[in-house]
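This report refers to the structure that appears directly beneath it.
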Amino acid sequence: MKTVKTDVVIVGGGAAGCFAALELHRKGIACVVVCKGLVGKSGASIFAGNLVLSGQVLGNTPEQARNTGEFLVKYHNQFLIDQHWARRCGAWVESEYYAELERAGLYFRRDAEGNVVTSPGKIRSVAANVQGNSGVPFMDLRRKQLARAGIPTIEETAVTALLHGRDGRVRGVFGLSVLTGEPIVVQGQSVILATGYSDRLHSRSTGTREMSADGLAMAWRAGADLLNLEMQWWHTNDVAHPPSWERMQIYPNPILGSPKSARMVNAAGEEFFNQQDDDPMAFGPYTVQLKALVKQVRAGKASYSGGYFAGFNHMNPAEVNAYTTYGKPYYQLGLDPAKDLLETAVTAHYRQGGVRVDTATMKTSVPGLFVAGGLGGHSNGLIALATFDGKTVAEGVADELGFVAVADLNDRDIQAETYRLEKLRQSDGDGESPFAIKEKIRGAMWNGAGVEKSAATLEEALANLRRIREFDLPAMRLKNRTKIANYEWLDAIDVHNMIDAAELVVHSSLERRESRGPFIRTDFPDTDNLDWLAANVMVKTENGFRFERVPYETPYFQPGFDRRDNMLVAW
Ligand SMILES: Cc1cc2nc3c(=O)[nH]c(=O)nc-3n(C[C@H](O)[C@H](O)[C@H](O)COP(=O)(O)OP(=O)(O)OC[C@H]3O[C@@H](n4cnc5c(N)ncnc54)[C@H](O)[C@@H]3O)c2cc1C
């Protein structure tokens, strides 16, 4: 078995994993990045459309700086956030983040006079070259920075299990090279999981192929506490057809260089969301649009799978084309954004919840295991926040490293994982392919744990997932049993993570007996700040799990009401 030794193993090559690696390198600590896809070219980070300005950079007024904080706490996390962490993060983004990116060579889009172009409004954004495509140059830059620093990467290698030392501490990972089918063990003193949160657990999702909730499933198996898994975010304006365009967004928030943005129109041709009228200057983005859509669905004028439309036909296309990519789908389809609208649908976007961490160090409840970025349950996503996590986790790991005794890996973990993966490769039941089972899991989640849910739909989702676990998984059949570039084998590995994660999400959804922002329960329609302004923590026990409710402090921003119908709450 090939074994690589280092100080710190980082799993994931998105914004969080890359920045953790750069920061550890700066501190003189050796690390290796293991990535299921390519470093800087996989996961959610490449999709970041724009970069939200924090604090008073680039002419932000004190009011805009405060608005950004309020946006993060209220509209982006529905108060399920450590506000002290949010403040630390905002201060770092203001003082370090943009300067570091510009020093490293990221180009923020400028106008003819050389001024950085921003979106107008209560909170402002900039773009790396064009809005809609900022994540690509951003992550290309990170990839180059890692290469320049000589940080070793092991790419197209799926981490399939966490490995423990003889002392019980998590000290390494088991990986499988997707291209050669060869296993690899990467051993260190600590492991940072940075596998993101845009998982493909629903029929429609912004997550990419490799995002099968691996980090969540592996952390849970290792015994880490989880929280707020039910807080799933949704895009309301993604292209309905074809399925491969499902994360292509008709951007409904103010765009660079214009106060206007996409409007939404129902099946009857009636406009039901126009940023300028309904949410001037985009103080609160996706949840506000989602609630507008829910009303249309309830009135029979749209469905979550389509039947409503979005576009820019109330704008001059020059405004759309100047600094954004948002006209592109229209042109590719031979449509005219000045006249035509595109059919849109909901997609599961990213998950607010995840693995519970100490926000000062990014330590989980499992010794040796750290989490950074979207996989953590302390904040909903934005690429700046994931980057801040990279910095924080590097500090957390570094502070502990000097006190960690050396210990060998427990061979039994390695043998057990080798056996498990080989058995999966040989799956020859009389059932369906792993890909078909993945789709079944996504269908169960879309139908039972979609935008609107209740105890009844969630119980149905659980029953469907249980059937998949009991009947479909043991009967799974692989047509391709080779080792080399066997994506069917990879699907078979993914499927086990997906079903574990999907069940956990549904259990968490049943436990939160309220509605809050994008979490909409028809049987508990109120946002309940008396009982549920709290983390919904899942703790693993000998025979399953138990829930704990841990209230959030509200030192800077408060909701201002006890209970209210979620559909009447602005955020
Ligand atoms: C469509 C879309 C639009 C967005 N728009 C914006 C925006 O405009 N502005 C903004 O600030 N943010 C935006 N975001 C959010 C932002 O992109 C994320 O918050 C952030 O990039 C998350 O970074 P991350 O490093 O935690 O995870 P990711 O970037 O998702 O990285 C995860 C990494 O883990 C790897 N991985 C997964 N499983 C394994 C495994 N088993 N073994 C090894 N490696 C593994 C993946 O290959 C990937 O490299 C958007 C996200 C999406 C999906």
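Summary of computed values
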| item | result |
| --- | --- |
| Listed peptides 141-151, 420-430, 4-14 by packing density, highest first (mean Cβ within 10 Å) | 4-14, 141-151, 420-430 |
| Accessible area of the chain divided out per residue, in Å², using a probe of 1.4 angstrom | 36 Å² |
| Lysines with Cα under 25 Å of LYS440, excluding same-chain neighbours fewer than 8 positions away | LYS36, LYS423, LYS453, LYS479 |
| Partners for LYS339 among lysines (Cα-Cα distance below 30 Å; same-chain residues under 8 apart left out) | LYS122, LYS260, LYS291, LYS295, LYS301, LYS328 |
| Ranked packing of 175-181, 61-67, most packed first, by mean Cβ within 10 Å | 175-181, 61-67 |
| Separation between Cα centres of region 440-517 and region 154-187, rounded to whole Å | 24 Å |
| Heavy-atom accessible area ranking, 1.4 Å probe, most first, across PHE547, PHE273 | PHE547, PHE273 |
| Candidate lysines for bridging to LYS41, where Cα separation is under 16 Å - those fewer than 8 sequence places away on the same chain excluded | LYS144 |
| Peptides ranked, highest mean first, by Cβ atoms within 10 Å: ranges 249-258, 407-416 | 249-258, 407-416 |
| Of all accessible heavy-atom area on the chain, the percent that carbon and sulfur account for (1.4 Å) | 51 percent |
| Volume in Å³ per residue [convex hull over Cα atoms, computed for region 19-62] | 104 Å³ |
| Solvent-accessible surface ranking, highest first, for LEU335, LEU290 at 1.4 angstrom | LEU335, LEU290 |
| Volume per residue that the Cα convex hull of the chain spans, once the total is divided by residue count, Å³ | 145 Å³ |
| Positive-pole candidate from SER515, THR541, GLY429, dipole of region 428-568, charges at beta carbon | GLY429 |
| Dipole magnitude of region 235-350 about its Cα centre (Cβ charges: Lys, Arg +1; Asp, Glu -1), debye to nearest 20 | 180 debye |
| Antiparallel %, DSSP beta bridges [both residues in the chain], to 5 | 70 percent |
| Helix runs (DSSP H) in the chain reaching 15 Å along axis by Cα, Kyte-Doolittle at least -0.5 | 15-26, 135-149, 286-298, 383-401, 434-448, 455-467, 487-511 |
| Listed residues ALA16, GLY354, GLY121: farthest to the positive end of the dipole of the chain (Cβ charges) | ALA16 |
| Gyration tensor over alpha-carbon atoms, region 235-350, equivalent ellipsoid semi-axes in Å | 20, 17, 13 |
| Dipole magnitude of region 139-199, debye to nearest 20 (Cβ charges: Lys/Arg +1, Asp/Glu -1, about Cα centre) | 300 debye |
| Whole-Å semi-axes of the ellipsoid equivalent to region 1-128 (Cα gyration tensor, √5λ, descending) | 31, 19, 14 |
| Per-pair calculated FRET efficiency, R0 = 41 Å: LYS27 and ASP111 via Cβ, rounded to 0.05 | 0.60 |
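The values are calculated or read from the model by the stated rules, or taken from the named source; none is laboratory data. Computed from a prediction, not measured in an experiment: that's the story for all the values here. In this analysis, Cβ positions are derived from the backbone assuming ideal geometry, glycine residues included, and neighbour counts consider all displayed protein chains. Please note that ligands, DNA and RNA were not included when accessible areas were found on the heavy atoms of the full protein model with its side chains. Shrake-Rupley method; radii C 1.70, N 1.55, O 1.52, S 1.80 Å.
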